[in-house]
1. So which residues in the range 19-76 are on the phi > 0 side of the Ramachandran plot and open to solvent by 70 Å² or more (accessible area, probe 1.4 Å), if there are any at all?
2. What about Ala13, is it open to solvent by less than 100 Å² (accessible area, probe 1.4 Å), out of contact with any Asp or Glu (no Cβ under 8 Å at 6 or more places or on another chain) and at pLDDT below 90?
Amino acid sequence: MGKPVEVPRDALAEVAPKMDRVAVVAMLRGELGLTYVTERTVLTATYARKLRRHLIGGRVRYSRADVLAWIESTRDAEYLDRRNEAAS
């Protein structure tokens, strides 16, 4: 076997998945203004394997890079805003 490589903790801190569903929703609503994203949206995307999840200590965590990649992949998708449709 080869010699183990030491990786500084600071390098891992930026890419480590540490957000739960609540934190993902808060980030998307707060930073990107995506008010239509809910915890259920995140859960559905996870089950559909559109959003990558990481199991850490038996808990599901998401990385910021994976969340932003998921949002970018849905940019061209056509969504039906049912709230505005019902008002018409």
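The values are calculated or read from the model by the stated rules, or taken from the named source; none is laboratory data. Here the structure is a predicted model, which is why all the values come from computation and not from measurement. Cβ coordinates were reconstructed from backbone atoms using ideal geometry, including for glycine residues, and neighbour counts include every protein chain displayed. Calculation scope for accessible area: heavy atoms of the full protein, side chains included, ligands and nucleic acids excluded. Shrake-Rupley method; radii C 1.70, N 1.55, O 1.52, S 1.80 Å.
1. Keep residues of the range 19-76 that are on the phi > 0 side of the Ramachandran plot, which gives 33, 49, 57-58.
Matches in the range 19-76: Arg49, Gly57, Gly58.
2. Values: open to solvent by less than 100 Å² (accessible area, probe 1.4 Å): yes; out of contact with any Asp or Glu (no Cβ under 8 Å at 6 or more places or on another chain): yes; at pLDDT below 90: yes.
For Ala13, the condition - open to solvent by less than 100 Å² (accessible area, probe 1.4 Å), out of contact with any Asp or Glu (no Cβ under 8 Å at 6 or more places or on another chain) and at pLDDT below 90 - is met.
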